[in-house]
Structures are given as C-alpha cells and as structure tokens.
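Undergrad: One structure follows; several queries about it will come next.
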Amino acid sequence: MIEQWIGTINGYLWGSVLIYLLTGCGIWFTWRLKCLQITHFTHMFTLLKLSRKTDSQGISSFQALCTSLAARVGTGNLMGVAVAITLGGAGAVFWMWLIALVGMATAFAESALGQLYKEKDANGNFRGGPAYYMSKGLKSKKLAVTFSLCLFFGYGFVFSSVQAHSITSAFDGSFGINPLFTGIVITIATAFIVFGGLKNIARFAEITVPFMGLAYLLVCLSVIFLNIEKIPAIISDIFASAFGLKEAGSGLVGAAIVQGIKRGLYSNEAGMGSSPNAAAAAVPYPPHPVSQGYIQMLAVFFDTIIICSCTAFLILLFKETGSDAQGIQLTQQALSYQVGAWGSDFITIAILLFGFTSIVANFAYAENNLKYLNMDNRLGHWFLRCGFLTMLIFGSVASLPQVIALADLSTGLMTVVNVTALLLLSKVVVSITQDYHQQHKQGKLPSYKPSESEHNRFNLTKGIWQK
C-alpha cells in the first residue's frame, strides 16, 4: 500500500512537474545571469586557486566545495548512471548533461543566496541554506519549516540508506560479504565522524574527495583512451537515442528524458537545496557571496560533466556485449570487462569511498536544519543521530526499488519547495551578481558585507536594496 502511494506521487512529480520546473529554473537563471556558466567558465577555476583561504571562524571555500562534492559524488555517479542507462537507454546521458549545464546556473543562485543569508550559531560557526533565505529573504517561516522537514527526511534518513545499499551490494557481489555485516561496520565508522560536527566532516571530505575522485577518473580515462576509436560512435548513439532518431530507440525518448533528469539531479543536486548548506558554512575568498556561487557551480561541472560521463562511457562500451546486469553490478562488470577481475574490486572500493563521504556529508546537511524544526537541542541531535544510523542498517538489507523510490520522493519534494523560493528571489541573485562583476571589472577584490537590517531591506518588487 505504502509503496503504491509513493509510486503514484513519484510518477506525478517526475512525470511532469519536476522536468518542467528544473529545466525552466535552469534556463531562467541562465538567461538572467547572461549564460554565466559559459561566459565566466574560466573564472570558476581562478577562484578555485584562492579557495583554501579562510580564518578560524569557519571552513574554507575549498572545504565547502569538498563537502558538497562529498554529497554529490556518491553512488549516483556509479549506480545512478547505470540505472539511467538501463531504464532510459544511451539517450539518458544527453539529458544528464543538459540538466547539469543549465543546473550550473541554478547551483550558482542557490549557493550565493545561502552565503548571503547565513548567520552565526552559538558556537561561532556559520550556518545557512534554503531555510535561511526563505525566512530572511522571503519572510516565510512556513516555507522554511516545510523545506527543513523535506531535507530532514531526505538527508537525515533516506539518501544515506541508498548509499549504504550500494556499498553493501558491491561488497556482497565482489567478496560475498553479508550485507548486514557490512552495514554494521559502515554505521560504526559513520558514528565516529558525524559525532565530531561539521568541521570534522569538512576535514574528512577535504582529504578523501580529491583522492577518490582522481583515482576513479584516472582509471576511467585510461579505459576510454584504450577504446578511443569507439567513442565517436557512442557519442553519436547518445545524441541519436536522446531524440529518438534511431528507429529501435524511438519509444525510449520519454524514458531517456525522465531517467536522465531524475538521475542527473540526484547526482549533481542542482536545485535540491542541499549544497547551500555547505556553501553558507564557508568563509569565502573573495569575501562576497557570489564567489561561493562560482565555487559550488564548479561542483556540478565536476560531478556530472566529468565523473558521470566517465561512468557512462564505461558502461556504454560494455553494453555492446549485451549484458543484462543492473545497478552497481553493471558498473562493476563494465570495468572488469576492460581491465580484468580487479576491476570489480576497484569499483567496490570506489563505491565505498564515494558512498561513505556522501553519508557523512548528508548528516551535516540534516543537522544544519534542526533549528527550523525547533530541534536544535541535545534531544534533537540525538534523535537525528540515532535515526540516521538506524537507516544505514535498513538501507543495507532493503531492496533497491524500495530505497530508490524513497530517494526519488525526498528529492522531488525538496526540489519543488527550493526552486519556488529561488525563482521568487531571482532579483536578489541578479543584484548581488551585478555588484560582484562591477567590482571585479574595476580591479577591486569583490566584497559584500550587508548588515542584518540590509538583508531585510531588499525590495523584491523593485529588485533593489532600500536605503
């Protein structure tokens, strides 16, 4: 009964609402920000060089980038791409690329707002995110609480069960280890990190994310290079399948669009409202909220355009053999086909690192929203910790359709609420972006430190700061 109810809601959300809402939001911000993800593409890398600068009061932009990448670069990059191709064909890859390209502008907007409306907590750490720009920018406490509930449900309980399922499934397939045993080990390891707070999570992500991402990229690029003569045909197949130009795949166009957007969003998280939580915790350099927008926009590029594409090519090279494997086992078999038996073990280790970093970052996002649920106290923190760790065990032994359906529901609800707020605050995004670019053109180090009262004086109708 519950599964049917969830399936019905997901069918409505993903069958129409989110496809138009996400694509429309990405196109809207791409237009309002003058295609900044393309025209200012190299500026993202310039800011990346400065991203380690910070002070003792917060985490650096680089740590915030690694924290958001830790949540983004997870099982969606290995299992999610496999699911998208299995259900939507090669054309799903094109729609993943498209949602990432326009989603870069959406990610820019939500992260800049997260940084703009952040505040200090009792311990001197910065906190922020959609709930904060909904309550401060839109003066809507109800919308902030609604989003916090959706995020708390998704990141506090559901998404990490997906990561746990992928890890335990990979270990079961490679080494025959009981999923429950692996799940218990993951849960214990997670407890050691998440009890240490956001700074511990950021330090863990700063060390782990670059290492795991580089190792995976090197292996995938090596396989692609060894099969370089087949890549043009695969790219042609991706585009042909995306638009139904192949007779055999013409009926898969709808599935390709839905699966590409669904799995693309789940992987890069643009528009979901998750990355602003990490963006707000940073002390940016230059000291302007827009600089954090650029840094987080880069995370979407790395996640989908680079890492997901590598997985897609790996799988499509293997699909020529006619394999009917699904999920993470498809990715494992794809690499094993190219490099031998160790390929499956490598994917198992990669999914462990990718999934585990996502798990600890997910906890940080959920904990950040306790305030708006009136649970920012000892009881609330312990409730989250116990529930979060329990769901890791559940995800370890649950079936793949169960955890995927719950993840899709959580993703959809969060996105609807967050994108609504982003569109209503688009004038604020344009205003601070113009301010940043004007200072940059004048050769100044962009800075922007409005007081609390200035936050409350932005006129949404006129799109200006009230004097």
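Undergrad: Got a number for residues in region 374-406 being outside any helix (DSSP H, G or I) and of a type in the set (S, T, N, Q)?
TA: Of region 374-406, the ones outside any helix (DSSP H, G or I) are 374-377, 398-399.
Then keep just the ones that are of a type in the set (S, T, N, Q); that gives 374, 377, 399.
Of the residues in region 374-406, 3 are outside any helix (DSSP H, G or I) and of a type in the set (S, T, N, Q).
Undergrad: Only residues in region 393-413 that are more than 14 Å from Gly156 (Cα to Cα) and of a type outside the set (A, V, I, L, M) count as the first member; pair them with residues that are at pLDDT below 75 and part of a helix (DSSP H, G or I), Cβ under 7 angstrom, at least 6 apart or cross-chain, and list the lot.
TA: Asp408/Trp14; Asp408/Lys262; Gly412/Trp14
Undergrad: Could you check region 264-373 for helices (runs of 4 or more DSSP H) lying wholly inside it with 1 or more residues that are over 14 Å from the mean Cα position of the chain (by Cα) and under 30 Å from Ile432 (Cα atoms)? Step through it out loud before you land on a result.
TA: Numbers: elements: 275-281, 289-300, 309-319, 327-339, 342-368.
Once the helices (runs of 4 or more DSSP H) in region 264-373 are filtered for at least 1 residues that are over 14 Å from the mean Cα position of the chain (by Cα) and under 30 Å from Ile432 (Cα atoms), what remains is 275-281, 289-300, 342-368.
Undergrad: What pairs come up if the first residue lies in region 338-353 and is more than 16 Å from Gly80 (Cα to Cα), the second is among the hydrophobic types (A, V, I, L, M, F, W, C) and open to solvent by less than 50 Å² (accessible area, probe 1.4 Å), and their beta carbons are under 6 Å apart, counting only those six or more places apart or on different chains?
TA: Once the first residue is more than 16 Å from Gly80 (Cα to Cα) and sits in region 338-353, its partners that are among the hydrophobic types (A, V, I, L, M, F, W, C) and open to solvent by less than 50 Å² (accessible area, probe 1.4 Å) give Gln338/Val223; Gly343/Leu335.
Undergrad: I've got another one for you. Just checking, does region 321-328 include any residue being of a type in the set (Gly, Ala, Ser), open to solvent by less than 10 Å² (accessible area, probe 1.4 Å) and on the phi > 0 side of the Ramachandran plot?
TA: yes
Undergrad: Additional query: Can you tell me which residue is modelled with the lowest pLDDT among those in region 363-413 that are among the acidic types (Asp, Glu) and under 22 Å from Ile167 (Cβ atoms)? Outline the logic, then answer.
TA: The initial filter retains those residues of region 363-413 that are among the acidic types (Asp, Glu), namely 367, 376, 408.
Add one more test, that the residue is under 22 Å from Ile167 (Cβ atoms), and what stays is 367, 408.
On the way: Glu367: 81, Asp408: 77.
This residue is Asp408.
Undergrad: Further question on the same structure: Take the residues in region 20-60 that are more than 29 Å from Lys120 (Cβ to Cβ) and either basic (Lys, Arg) or modelled with pLDDT under 80 (or both); name whichever of them is most open to solvent (accessible area, probe 1.4 Å). Before the answer, list the steps.
TA: Step one: list which residues in region 20-60 are more than 29 Å from Lys120 (Cβ to Cβ), which gives 20-28, 30-32, 34-42, 45.
Those left that are additionally either basic (Lys, Arg) or modelled with pLDDT under 80 (or both): 32, 34.
Details: Arg32: 69, Lys34: 152 Å².
For region 20-60, the residue satisfying everything is Lys34.
The values are calculated or read from the model by the stated rules, or taken from the named source; none is laboratory data. Since the model is a prediction, treat every value here as computed from it, not as a measurement. Here Cβ is always computed from backbone atoms with ideal geometry, including for glycine, and neighbour counts include all displayed protein chains. Quick note on the areas: whole protein, heavy atoms, side chains included, nothing else; ligands and nucleic acids left out. Shrake-Rupley method; radii C 1.70, N 1.55, O 1.52, S 1.80 Å.
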